[in-house]
There are 2 protein chains.
Amino acid sequence: MDKQEVIQQAKRMMDEFLIEAKQYIETSFEKELRIETKSNRNDLVTEVDQYIEALFTRYLKQFFPTHKVFGEENAEHKIESLDGAVWIIDPIDGTLNFVEQKRDFAISVALYLDGIGEFGVVYDVAKDDLYRGEKGRGATLNGQPIQKVSQKRGVENSLLIANLSAVKLYPKLKEAIRVSRGLRLYGAASLEFMVVATGRAGAYLAANLAPWDVAASKIIAEELGCIVSRLSGEKIDMLHKGTSIVALPKVYQELRDSYLRK
Amino acid sequence: MDKQEVIQQAKRMMDEFLIEAKQYIETSFEKELRIETKSNRNDLVTEVDQYIEALFTRYLKQFFPTHKVFGEENAEHKIESLDGAVWIIDPIDGTLNFVEQKRDFAISVALYLDGIGEFGVVYDVAKDDLYRGEKGRGATLNGQPIQKVSQKRGVENSLLIANLSAVKLYPKLKEAIRVSRGLRLYGAASLEFMVVATGRAGAYLAANLAPWDVAASKIIAEELGCIVSRLSGEKIDMLHKGTSIVALPKVYQELRDSYLRK
């Protein structure tokens, strides 16, 4: 198969997988409806996390038996190499939203071919919103092309999303928040990436994200004209945890020039 | 008309009004689609704010010609008395979300009879979610009764929503956020009230809300078992701006006992 055939096949696999994953999650919510204690709620997310990742692995064996998979649930097998075809999955991104709110969480899946992010999917399960990006071919929301982000909007015309731990690392970000149109916090990295990628906020800054938190979102956001890097400006590799920023180009430049300094 | 007849009539009025308001907003978004500059975007919200409030006033004249109305747009007529039948409206709560995101904003309308909040509606326009509360008769979401909030959940089992200015007023809230399951910020007071009222967060704390920001939400949240007051613990009157907290009962007690102290 050439790359385009792989990606076409990957889309078919993801469509089937996500329908089954959504059904499983909805059934789990119905069963859990009356559970009140924290430990029970945590058991639920562990169970769903593991189930979704195992389900994905079954699909992958069927569609692409030679591909590797790395995810949150088998994080003990750290991603050591991106050689060949590597899938990176976060079965439930936004765990606390999943447990506490039953919304604002996502399934995030990306395909990297020899280290290059070629195909990424972020699926907002509760909203039934499917974001898809393909390197060099743009990004879609529920099949409709998403408009590229503004080149002209800066910090003062934008909402910002920033974890408190990112603000602690770079205290000048407080000033950026003050001059911006305000702070928002949604609690699910991949969906916060999508808020920026669809132009609804100027930037999202986070202190400590795992590769599977950003693998798919980064592909989609870059296709839409966003800049993605570590808070230090370094490139994000998919082998390590670390800080992360996704921003509109002008917002990125302003944050780097004035606020991401110690 | 007795009180029940007034409220039945009020529901009919709101149903008609909200359909027309939603249509107007959707048309405005289509027209605005390509506007990029901040001033143009601000003009849009001013125009829509004024239109929605004028539209409501027209409906009120038709359904309840003797009732008074107070809202954000005629705030120069400060609410001086709650005698008789008084409607309190926020035509667009979450102005910045409206402008920047085209979602997560709400129309908020309440009916107070001789100072008592009898009927409140919060309408999440983008989601088409209609929250309705009636004093002594519970609250509904899209016509379905909403379950009362938990009596047992405390801060450490809850997400918290808190404006940074509330944290500045009561710095010990930082510690509450640390022991909680995390901080969220959505940027529209009435919808943040609804996140707590539907049990998706333990509390929402804000430094400076106007009566029309809370008039309807307070009725709905209290019907679902939440506690609403100023951050100081004082009752909220509908004549003045001020701080505000809405919380699950146990979360409220814990915040008041340990974190809402200077």
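So if I take the centroid of the Cα atoms in the range B:57-71 and the same for the range A:50-65, what is the distance between those two points in Å? Each part's Cα centre sits 59 Å from the other's. Inter-chain Cβ neighbour count for A:102-114, averaged per residue, equals 1 (cutoff 10 Å, partner chain atoms only).
Please figure out what share of the DSSP beta bridges in chain B is antiparallel and state it in percent, rounded to the nearest 5. Intermediate results must be reported in sequence, preceding the final value.
Values: 34 of 44 bridges.
Antiparallel bridges: around 75 percent, rounded to the nearest 5.
Placing a label point 7 Å from Cα along the Cα-to-Cβ axis, B:Tyr24 is separated from the same position in the other copies by 4.8 nm, shortest listed first. For chain B, the longest principal axis of the Cα atoms and the long axis of helix B:211-223 meet at an angle of about 70 degrees.
Take every residue in peptide B:162-172, count the Cβ atoms of other chains within 10 Å of its Cβ, and give the average of those counts.
Averaged over the peptide's residues, the number is 1.
With Cα atoms defining each centre, the range B:174-244 and the range A:212-262 are spaced 33 Å apart in the structure. Take every Cα pair under 8 Å whose residues are at least 6 apart in sequence, average their separation, divide by the length of the range B:155-259, and the relative contact order is 30 percent.
Binning the alpha carbon pair distances of the range B:155-259 at 5 angstrom intervals from zero yields the distribution 2, 14, 29, 28, 19, 6, 1, expressed in whole percent. For the range B:3-145, the calculated P(r), taken from all Cα-Cα distances in 5 Å bins from zero up to the bin holding the longest distance, is 2, 9, 20, 23, 19, 14, 8, 4, 2, 0 percent. Sorted shortest first, the separations between the B:His67 label point and its copies elsewhere in the assembly read 5.7 nm; each point sits 7 Å from Cα along the Cα-to-Cβ line.
Residue by residue through B:2-15, how many Cβ atoms from other chains fall within 10 Å of the Cβ on average? Numbers along the way, then the final one.
On the way: counts 0, 0, 0, 0, 0, 0, 0, 0, 0, 0, 0, 0, 0, 0.
Counting other chains' Cβ atoms within 10 Å and averaging over B:2-15 gives 0.
Give me the percent of Cα-Cα pairs in the range B:162-209 that sit more than 14 Å apart, rounded to a whole number. I get 48 percent for the Cα pairs in the range B:162-209 exceeding 14 Å. Each of the peptides A:144-151, A:244-251 was scored by the mean count of other Cβ atoms within 10 Å over its residues; in descending order, highest first, they stand as A:244-251, A:144-151. Approximating the spin labels as points 7 Å out from Cα along Cα→Cβ, the B:Asn208-to-B:Arg261 distance works out to 2.8 nm.
Each other copy holds its own label point for B:Pro249; taking that point as 7 Å from Cα along Cα to Cβ, the gaps run 5.7 nm, nearest first.
Using alpha carbons only, how many degrees (0 to 90, rounded to 10) separate the axis of helix A:3-32 from the longest principal axis of chain A? Helix A:3-32 and the main axis of chain A meet at about 80 degrees.
For the protein assembly as shown, build the convex hull from the C-alpha positions and give me its volume per residue in Å³. Don't skip to the end; give the middle numbers.
Values: hull volume 75.9 nm³, N = 524.
Taking the convex hull of the Cα positions in the protein assembly as shown, it is 145 Å³ per residue.
In the protein assembly as shown, the calculated helix contribution to ellipticity at 222 nm averages -12500 deg cm²/dmol per residue, counting -39,500 (n - 2.57) for every DSSP H run with n ≥ 4. Panel order for B:Val48, A:Val109, A:Val179, by other beta carbons found within 10 Å of each beta carbon, from fewest to most: A:Val179, B:Val48, A:Val109. Computed over the alpha-carbon pairs of chain B, the distance histogram in 10 Å steps reads 7, 32, 35, 21, 6, 0 percent, short to long. Considering only chain A, the C-beta nearest to the rotation axis that sends A to B is found at A:Leu185, 2, the distance in whole Å.
We did not get these values from a lab; they are worked out from the coordinates using the rules stated. Since the model is a prediction, treat every value here as computed from it, not as a measurement. Every residue, glycine among them, receives a Cβ derived from its backbone with ideal geometry; neighbour counts consider all protein chains shown.
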